[in-house]
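The values are calculated or read from the model by the stated rules, or taken from the named source; none is laboratory data. The model shown is predicted, which means the values in this text are computed figures rather than measured ones. Methodologically, a virtual Cβ is constructed for each residue, glycine included, from the backbone with ideal geometry; neighbour enumeration extends over all protein chains shown.
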Amino acid sequence: MKSLTIQNLSKTYFDPYAGANVTAVHDISLHVKQGEFVSIVGPSGCGKTTLLNMLAGFIPPSGGSIMIDDKPVKGPGADRGVVFQTFALFPWKTVLENVGFGPRMRGLPTAECDRIAREFLSLVGLEHAADRYPNELSGGMQQRVGVVRALANNPDVLLMDEPFASVDAQTRMTLQEELTRIWQERRPTILFITHDVAESVFLADRVVVLSKGRVLEDMPIALERPRVWEHLIEDDTFKALSAQVLHKVRSA
């Protein structure tokens, strides 16, 4: 895994409805260390998803630079894995084939792809579902597959765009706990986009609050790991940190 450095990043586009240029991201600079978990939180329209789309290489920035260690990001690449809000699985492929897709695209032999896929499925307790198809799984199970499919390709940086927004509250909490456990075992460098304040604090080493396309706050999260909701839900430090982040988001 490698570090991610964003320097003076901006994005301006033409809004045909407004008939004018709109700047969605203003001069953002941010460094995510190797193996660090950083959450990006902010109100709707603050530039979170635009930022992630630039980091993924889906859209070009208007200014500034994105670096994975010393390598500039010029477009999509295997050095970045992306987990979307929607499950984005191939419905015609089995769970095993979905998770092994990245390694197969790198040219690894089928047996090695299957071995890697089974290893990652075991991380989320889905080895029993290897031969099933996505439509045979619950929403929570599909999102587990989406997370480990991204990890199985061994990206330098994992970008996550509100990946748990479409599941129910109880499943979401379970997925959050599983993600922190996987992160502790594998230590990927993660940038996690969310609009959920409690989620941002629960998951991250640092929470970055965006406001109108700018960094409003970069807050370290001094909570011990492993993190379990049962232990943190009434924890005074967790509640205080969440209140601080919420205050910044509401003032954004």
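Do you know which of the residues in region 7-49 that are hydroxyl-bearing (Ser, Thr, Tyr) and surrounded by fewer than 21 Cβ atoms within 10 Å (Cβ to Cβ) is farthest from Val245 (Cα to Cα)? The extreme case among them is Tyr17. Considered as a group, the residues in region 60-101 that are part of a loop (DSSP other than H, G, I, E, B), farther than 17 Å from Leu4 by Cα and hydrophobic (A, V, I, L, M, F, W, C) include one that is modelled with the highest pLDDT, and that residue is Trp92.
From the list Ser166, Ser200, the one residue that fits, being under 30 Å from Arg106 (Cβ atoms) and not assigned by TED's automatic domain parsing to the domain that holds Val124, is Ser166. For region 91-113, which positions are under 23 Å from the mean Cα position of the chain (by Cα), hydrophobic (A, V, I, L, M, F, W, C) and under 19 Å from Arg144 (Cβ atoms)? Residues satisfying the conditions are Val95, Leu96, Val99, Phe101.
Of the residues making up region 187-203, not a single one is on the phi > 0 side of the Ramachandran plot and touching a helix residue (DSSP H, G or I) at 6+ places or on another chain (Cβ under 9 Å). The test for being out of contact with any strand residue (DSSP E or B) (no Cβ under 7 Å at 6 or more places or on another chain), without any contact (Cβ under 8 Å) to a residue 12 or more places away in the chain and either part of a strand (DSSP E or B) or aliphatic (A, V, I, L, M) (or both) does not hold for Ala165.
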